[in-house]
Amino acid sequence: MIRALDSASGAARLKRLRKDYFGSAGTTLMTATSVAIMVLLLWKLFDWAVVNATFAADGSQQLCSNRSGACWSVIAARWRVVMFGIYPYEEQWRSALACGAVIVVMVLSCIPRLWGFGKLALIWGLGALVFYILMRGGVLGLAIVNEQQWGGLPLTLFIFVATAVIGMPLAIALALLRRSEMPVVARVTGWIIDTVRSLPLLAILFTCAIVMPFMLPGFLIGEKLYRVLFGAALFFAAYQAEIIRGGFQGIPQGQEEAAKALGLSYWQRIGRIVLPQAFRLSLPATINQFVIAFMESSLFVVVGFVELLAAGNIAFKTGEWKFAYAEVYAFVAVIYFAFVFGLSRYGAYLEARMNAGQRKD
């Protein structure tokens with residue numbers, strides 16, 4: 001029975017593909033032309049990146065002088081700059097371990113059996129402590145490295161994770177306040193969200209980095225990195241709050257009224273009925289917002305931080321490697337793609353898991 005259904009669905013998909021791409025002479029011509037162009041472009045890319053490329057591991061740019069393909073020797077010579085930025089060379093092992101700690105925490109957070117509040121709080125708390133000790137130092141005999149010297153992939157991951165961890169609870173709070181039954185609270189919250197969403201992220205980062213020190217007392221100024229992280233988290237929260245609010249609107253009103261009739265308190269209704277459904281309904285847009293937050297970490301260069309993309313710029317802006325900018329950018333693009341693709345696939349897995357749970361219920 002199952003095999004028959006699979007066979008029928010496969011035949012239906014094949015029929016639909018034929019209709020969409022080969023249904024007429026015009027669509028067949030467009031399909032063939034598009035495929036030919038794609039094959040040509042892919043061959044050109046393969047020819048440049050592999051066939052005529054230089055893979056010398058000694059990091060010498062002399063071997064690339066007479067080649068028409070990519071010079072991957074720049075990666076062998078400058079990968080430390082790309083990955084760790086201006087972090088002190090002798091201490092880069094700490095930066096590598098800190099990067100690994102962030103990745104381990106992210107992976108552990110994706111395991112369903114660890115989704116309890118206490119477990120996640122422990123994982124993230126220990127991860128944050130390990131990351132800070134490794135990157136900052138000052139204890140266990142580690143030399144102090146201030147935040148202005150952090151860079152490369154560890155800084156990009158730190159910006160992304162901090163933005164998400166601070167921004168998501170703030171987004172939930174803003175979304176709940178905006179649907180408050182008190183008009184003043186709802187309107188003020190809506191004004192805050194709309195104001196932040198109307199500003200470009202660059203303006204918010206500049207304000208936090210440059211203007212905020214003139215507006216705050218000395219004991220509240222803190223490090224520039226943490227000020228701009230707060231600005232990025234607020235920007236993330238404003239957009240995510242609207243996404244969550246859209247999820248609220250998709251929940252049938254009768255469910256919350258039924259929960260009231262059963263005697264559930266406000267926080268019980270929110271925690272057990274409203275938020276789980278709102279998250280399920282808004283999951284695709286939420287994953288998209290996480291992807292945007294990861295890519296927007298590159299904007300931190302404008303306020304003086306050498307994140308991954310800025311570190312790539314430094315890697316080739318020396319006298320002997322100026323010609324190899326395409327190779328460095330390709331290497332950085334692969335790193336970005338790996339993380340963004342992983343986020344999108346995990347989002348698809350979560351969506352399928354939640355939909356399966358709903359059908360089961």
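Every number here is computed from the coordinates shown, using simple stated rules; none is lab data. In this text the structure is predicted, and so the values were computed from the model without any measurement. Reconstructed Cβ throughout: ideal geometry from the backbone, glycine too, with neighbour counts over all protein chains shown.
General observations
- If the chain linking TYR336 and TYR21 were pulled fully straight, counting 0.36 nm for each residue of separation and taking away their Cα-Cα distance, it would gain 110.2 nm.
- Separation of the GLU147 and TYR132 label points, Cα + 7 Å toward Cβ, nm: 1.1
- Whether the chain is rounded, prolate or oblate, judged on the alpha carbon gyration tensor where a/c under 1.5 counts as rounded: oblate
- Here is how the number arises for the chain: DSSP H runs of 4 or more residues each give -39500 (n - 2.57), the sum is divided by the residue count, and the result at 222 nm is -23500 deg cm²/dmol.
- Where trypsin sites (Lys or Arg not before Pro) fall in DSSP loop in segment 278-322, at most 12 other Cβ within 10 Å: LYS317
- Gained length - LYS260 relative to SER68, 0.36 nm times residue gap less alpha-carbon distance: 62.0 nm
- Inter-label distance for LEU29 and GLU351, nm, one decimal - labels placed 7 Å from Cα along Cα-to-Cβ: 3.6
- Using the Cβ-Cβ distance between LEU122 and LEU97 with R0 set to 25 Å, the FRET efficiency works out to roughly 0.80.
- Cα shape, segment 93-244, gyration tensor, a/c 1.5 rule: oblate
- A crude spin-label estimate for the pair LEU42 and GLN249, with each label 7 Å from Cα along the Cβ direction, gives 4.1 nm.
- Taking amide H atoms as placed 1.01 Å from N in the peptide plane, the amide H of TYR87 lies under 5 Å from those of GLY151, each 5 or more residues away in sequence or on another chain.
- Using a Förster distance of 30 Å, the FRET efficiency for TYR325-MET295 (Cβ separation, nearest 0.05): 0.95
- Extended-chain gain in nm, criterion 0.36 nm per residue less alpha-carbon gap, ALA173 and ALA12: 53.4 nm
- Across the chain, the mean sequence separation of Cα contacts (distance under 8 Å, 6 or more residues apart), normalised by length, yields a relative contact order of 19 percent.
- Peptides 226-235, 153-162, 169-178 ordered by average Cβ neighbours within 10 Å, highest first: 153-162, 226-235, 169-178
- Close amide H partners of GLU307, meaning residues 5 or more places away or on another chain with modelled amide H under 5 Å apart, are GLY152, VAL301.
- From least to most packed, judged by other beta carbons within 10 angstrom and beginning with the fewest, MET168, MET30, MET215 follow the order MET215, MET30, MET168.
- Of the DSSP H helices in the chain, those whose Cα atoms cover at least 24 Å axially and whose Kyte score averages 0.5 or more: 25-46, 92-109, 117-136, 152-178, 224-249, 275-296
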